[in-house]
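Here is the structure we will look at, set down as structure tokens.
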Amino acid sequence: MEHQSQEKIIKRILLNEGEISRNLCLRELYISRLGAIICNLKKEGWKFRREYVKTPKGKDFVYYLVESPLKKIVYEIPELQKTITSYE
């Protein structure tokens, strides 16, 4: 498996899912510095909405992607019935 920086992992999740939570980062990704990564992304032009949400085990802090400085490119391959999305 290719090694990816924590920032790249966070960017990929935000672009694909539109949100990321503190609990996801801590429990599944072993990333404890989500706030610092979000701060760096804001400096790059990323925009977020954030809120506390109730969970079955308490609460979580979620960042929702509002805007990204990356350009979304969608490639359609009809003969394979596939769509590929890329970001620059």
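The values are calculated or read from the model by the stated rules, or taken from the named source; none is laboratory data. Predicted model, so just to flag it, every value in this text is computed and none were measured. So basically every Cβ, Gly included, is an ideal-geometry build from the backbone, and we count neighbours across all protein chains shown.
Among the residues of the stretch 4-22, which ones are of a type in the set (S, T, N, Q), under 22 Å from Ser86 (Cβ atoms) and not in a helix (DSSP H, G or I)?
Quick first cut of the stretch 4-22, residues of a type in the set (S, T, N, Q) only: 4-6, 16, 21.
Pick out the ones that are also under 22 Å from Ser86 (Cβ atoms) and you get 4-6, 16.
Scanning the stretch 4-22 gives Gln4, Ser5.
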Note to self: Suppose we filter Arg50, Arg22, Arg27 for residues that are touching a Leu at 6+ places or on another chain (Cβ under 9 Å) and charged (D, E, K, R); which single one remains?
What the structure shows: Arg22
Next item on the list: Could you please give the count of residues in the stretch 47-75 that are touching a residue at least 24 places away in the same chain (Cβ under 8 Å), of a type in the set (A, V, I, L, M, F, W, C) and farther than 18 Å from Cys25 by Cα?
Entry: 1
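Name the single residue, out of those in the stretch 23-73 being assigned to a loop (DSSP other than H, G, I, E, B) and loosely packed, with under 10 Cβ neighbours inside 10 Å, that is modelled with the highest pLDDT. Break it down stepwise before answering.
Residues of the stretch 23-73 assigned to a loop (DSSP other than H, G, I, E, B): 30-33, 44-46, 56-57, 68-71.
Those left that are additionally loosely packed, with under 10 Cβ neighbours inside 10 Å: 30, 56-57, 71.
Details: Tyr30: 94, Pro56: 91, Lys57: 87, Lys71: 81.
For the stretch 23-73, the residue satisfying everything is Tyr30.
Find the residue count for the stretch 76-88, including only residues that are in contact (Cβ under 8 Å) with a residue 12 or more places away in the chain and assigned to a strand (DSSP E or B).
Of the stretch 76-88, the ones in contact (Cβ under 8 Å) with a residue 12 or more places away in the chain are 85-88.
Right, trim to assigned to a strand (DSSP E or B) and you get 85-87.
The qualifying residues number 3.
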Check: Got a number for residues in the stretch 1-18 being surrounded by 17 or more Cβ atoms within 10 Å (Cβ to Cβ) and of a type in the set (D, E, K, R)?
Finding: 1
Check: Out of all the residues in the stretch 33-70, which are over 18 Å from Arg12 (Cβ atoms) and of a type in the set (S, T, N, Q)?
Finding: Thr55
